[in-house]
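J.: Quick one: this structure, given as structure tokens, is what I'll be asking you about.
The values are calculated or read from the model by the stated rules, or taken from the named source; none is laboratory data. Only a predicted model underlies this, so the values are computations on that prediction, with no experimental measurement involved. Here the Cβ is made from the backbone with ideal geometry for all residues, glycine too, and neighbour counts use every protein chain on show.
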């Protein structure tokens, strides 16, 4: 497979080993991108900018804003690499929106077993960033990996996600 023909895959989730782990999802996101890359795919990851992830993102570039449909300040999409041996070569996008993601607890709740009341917004915004493309995996496959959903949506046959100007 030539570089231009490489399968483009975006893996989307809320946790990634070794930085944020509540279960097996973190293990998948911590290993699958490198395995896909070794097989010739252009594998990338999109995660919320949770405190432990924001702290280890290196070579950070700001890609652009992501506006939530309910209004308020836009999130910022960042690109970089996580400081872990298995992930150093994997492009990682973090969606930074401090009111939604900069809080103690797990990716899903306050750490005492209670889900965050705004999880619907937290994960809707993450899904929106993936669905809009933002240059993450143009013309590729988006793999949504979460504790609730495992779905694969292929963008094939000439269909492309709408990308902002300059991110084609």
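J.: Just the residues that are touching a residue at least 40 places away in the same chain (Cβ under 8 Å) and in contact with a strand residue (DSSP E or B) (Cβ under 8 Å, 6 or more places away or on another chain), please, taken from the range 21-31.
T.: Answer for the range 21-31, where residues must be touching a residue at least 40 places away in the same chain (Cβ under 8 Å) and in contact with a strand residue (DSSP E or B) (Cβ under 8 Å, 6 or more places away or on another chain): 25, 28, 29, 30.
J.: On the basis of being buried (at least 21 other Cβ atoms within 10 Å of the Cβ), within 15 Å of the chain's Cα centre (by Cα) and either modelled with pLDDT of 90 or more or in a helix (DSSP H, G or I) (or both), does residue 60 make the cut?
T.: Criteria not met by residue 60.
J.: Working only within the range 28-57, note down all residues that are closer than 14 Å to residue 96 by Cβ, in contact with a helix residue (DSSP H, G or I) (Cβ under 9 Å, 6 or more places away or on another chain) and in a strand (DSSP E or B).
T.: Residues satisfying the conditions are 46, 47, 48.
J.: Let me ask something else. Can you tell me which of 86, 73, 68, 14 is part of a loop (DSSP other than H, G, I, E, B), in contact with a strand residue (DSSP E or B) (Cβ under 8 Å, 6 or more places away or on another chain) and surrounded by fewer than 18 Cβ atoms within 10 Å (Cβ to Cβ)?
T.: So the residue among 86, 73, 68, 14 that is part of a loop (DSSP other than H, G, I, E, B), in contact with a strand residue (DSSP E or B) (Cβ under 8 Å, 6 or more places away or on another chain) and surrounded by fewer than 18 Cβ atoms within 10 Å (Cβ to Cβ) is 68.
Residue-wise test of (1) modelled with pLDDT under 95; (2) surrounded by 15 or more Cβ atoms within 10 Å (Cβ to Cβ); (3) in contact with a strand residue (DSSP E or B) (Cβ under 7 Å, 6 or more places away or on another chain); (4) under 19 Å from residue 43 (Cα atoms).
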position: 101; (1), (2), (3), (4): no, yes, yes, no
position: 108; (1), (2), (3), (4): yes, yes, yes, no
position: 113; (1), (2), (3), (4): yes, no, no, no
position: 120; (1), (2), (3), (4): yes, no, no, no
position: 141; (1), (2), (3), (4): yes, yes, yes, yes
position: 154; (1), (2), (3), (4): yes, no, yes, yes
position: 163; (1), (2), (3), (4): yes, yes, no, yes
